[in-house]
Amino acid sequence: MKRLLGFLLLLPFSVLAADPAATAPAAAVAAPVASSGIAGQLTQLVLGLLLVLGLIFFLAWMLRRVQQAGPAGKGQVIQLIGSRALGPRDRLMLVQVGNEQILLGLSPGTITALHVLKEPVQVPDAQQATPEFAQRLMELLGKDNKDKK
């Protein structure tokens, strides 16, 4: 992989190493070769840039595919049921692990289990799937979750 990247980085510099004036037989031919050399260099630069950008997007796509195929993506054991901000940096979170629901207190640098619920809290799926910001935005716009059906 490093060799391929090294080759791709050195590819545009190969044009700079060639001397177009030394290869031209006459001075009259040297002017068009110089202008086509600049155009060739610019074309090669743009193609190299497109190649590098394409490589970046391809690697990002591959990384996303590998992360989705991992064992953590298939069966989530821990689910976030709900959360509530208590202040600018403190939160309460209700987390479900297996069949147990645990109320957690989060503050900077600390996570504390506050209570393990004996009976799980039933939360409607529509409310659980909708993030707080999106739900608040729909309320402000006057749209209900009922309008989606």
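The values are calculated or read from the model by the stated rules, or taken from the named source; none is laboratory data. In this text the structure is predicted, and so the values were computed from the model without any measurement. Note that we place each Cβ from the backbone using ideal geometry, even for glycine, and neighbour counts take in every protein chain shown.
Quick notes
- Within the stretch 100-116, the set of residues being among the β-branched types (Val, Ile, Thr) and either touching a strand residue (DSSP E or B) at 6+ places or on another chain (Cβ under 9 Å) or at pLDDT 95 or above (or both) comprises Ile102, Ile111, Thr112, Val116.
- Which listed residue is within 26 Å of the chain's Cα centre (by Cα), in the same structural domain as Gln135 (by TED's automatic domain parsing) and loosely packed, with under 10 Cβ neighbours inside 10 Å, from Pro108, Pro88: Pro108
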